[in-house]
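A quick write-up on the structure given underneath.
The values are calculated or read from the model by the stated rules, or taken from the named source; none is laboratory data. Fair warning: this is a prediction, and the values are worked out from it, not measured in the lab. Using ideal geometry, Cβ is built from the backbone for each residue, glycine included, and neighbour counts are taken over all protein chains shown. What goes into the accessible areas is simple: the full protein's heavy atoms, side chains included, and nothing from ligands, DNA or RNA. Shrake-Rupley method; radii C 1.70, N 1.55, O 1.52, S 1.80 Å.
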Amino acid sequence: MGEQPIFTTRAHVFQIDPTTKKNWVPASKQAVTVSYFYDVIRNSYRIISVDGAKVIINSTITPNMTFTKTSQKFGQWADSRANTVFGLGFSSELQLTKFAEKFQEVKEAARLARDKSQEKIETSSNHSQGSGCETPSSAQASSVNGTDDEKASHAGPVETHLKSENNKLKIALTQSAANVKKWEIELQTLRESNARLTTALQESATSVEQWKRQFSICRDENDRLRHKIDELEEQCSEINREKEKNIQLKRRIEDLESELREKDSELKDLRKQSEIIPQLMSECEYVSEKLEAAEKDNQNLEDKVRSLKMDIEESKYRQRHLKVELKNFLEVLDGKIDDLHDFRRGLSKLGTDN
């Protein structure tokens, strides 16, 4: 096949929903092998993943692609040729980082290969880029045996040049490895994975019609599931609305409970006051009796005051009468005193004469 694995990892594979372009659709039930492959003949790179006998990723790396980390363990890239977006979920952040670094390295290598090819063989480069625009089903067959046009276009000097460039790239990739022993073990693993991948691709190439029928069945099932999902989303929306109502009801209940506690407190205060009411009524009766007695005493005092006022008036009248009598008496007394003075003077005069 002319393809060699250069990096392998394991991840959960997802594809973007072609209808909504928002939701992720699982392409594998569990973590599967995801590998970078380098095609010596075509001088191109691909990401390939197989789940059993089903090819779930067949993406040719181009210089304008970008791998984006959307979380600590999830990354994605868009493949315009396959008209989809692939997503990978890793078990650790380290695996995601290694995959992203390898994606950037492969992307740069693809850019260099494209630039060199454009400088020398523009038409061959255009044909090579066009050959990557395969549908997932046709890519399964062409990745095994290639097409007649590709074989013809890589004959002669072009093939020699591409092999020379590929050999240089292999040397650069080999020199960039930091641990030779680790790469040897990984290379052996990749070879075994490549063998399994080759077998799976050959099997898939012989059963294209069966895959088409299964694809049609899956598409119908997908439509049915999509309708079911729409129904479930609507039910979820209703559930969310009910949850909002329940939250509001809970808040209302809490408010009512708070009001009830306040009312209970007020009721307790009223009960305490009601216990004091008989005592207050008894005191009121006692005060009323005292008030009646005081009113009676007041009435008696008023009667006494009126009697005293009458006595005072009578006393004043008597005093006025006595003053008149006293004045008359004083006038009479003054007359008598004058008479006595006259009498005394007469006596004195008589004594003097004698």
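Within region 216-262, the residues that satisfy the criterion of being polar (S, T, N, Q), open to solvent by less than 100 Å² (accessible area, probe 1.4 Å) and over 30 Å from Val25 (Cα atoms) are Asn246, Ser258. Which residue pairs have Cβ atoms under 7 Å apart, sit 6 or more places apart or on different chains, and have a first residue in region 78-98 that is closer than 18 Å to Val25 by Cα and a second that is open to solvent by 10 Å² or more (accessible area, probe 1.4 Å) and basic (Lys, Arg)? What qualifies is Gly89/Lys73; Phe90/Lys73. Out of Gln15, Gln76, Gln72, I need the residue that is more than 25 Å from Glu221 (Cα to Cα) and touching a strand residue (DSSP E or B) at 6+ places or on another chain (Cβ under 6 Å). Which one? Unique residue meeting the criteria: Gln76. Scanning region 39-64 for residues that are under 18 Å from Phe7 (Cα atoms) and among the aliphatic types (A, V, I, L, M) returns Val40, Ile47, Ile48, Val50, Val55, Ile56, Ile57, Ile61. Each residue in region 35-82 was checked for being at pLDDT below 90 and of a type in the set (Asp, Glu), and 2 pass. State whether the residues of region 290-302 include one that is open to solvent by 100 Å² or more (accessible area, probe 1.4 Å) and either under 30 Å from Asp17 (Cβ atoms) or aromatic (Phe, Trp, Tyr) (or both). Checked against the condition, which is being open to solvent by 100 Å² or more (accessible area, probe 1.4 Å) and either under 30 Å from Asp17 (Cβ atoms) or aromatic (Phe, Trp, Tyr) (or both), region 290-302 yields no hits at all.
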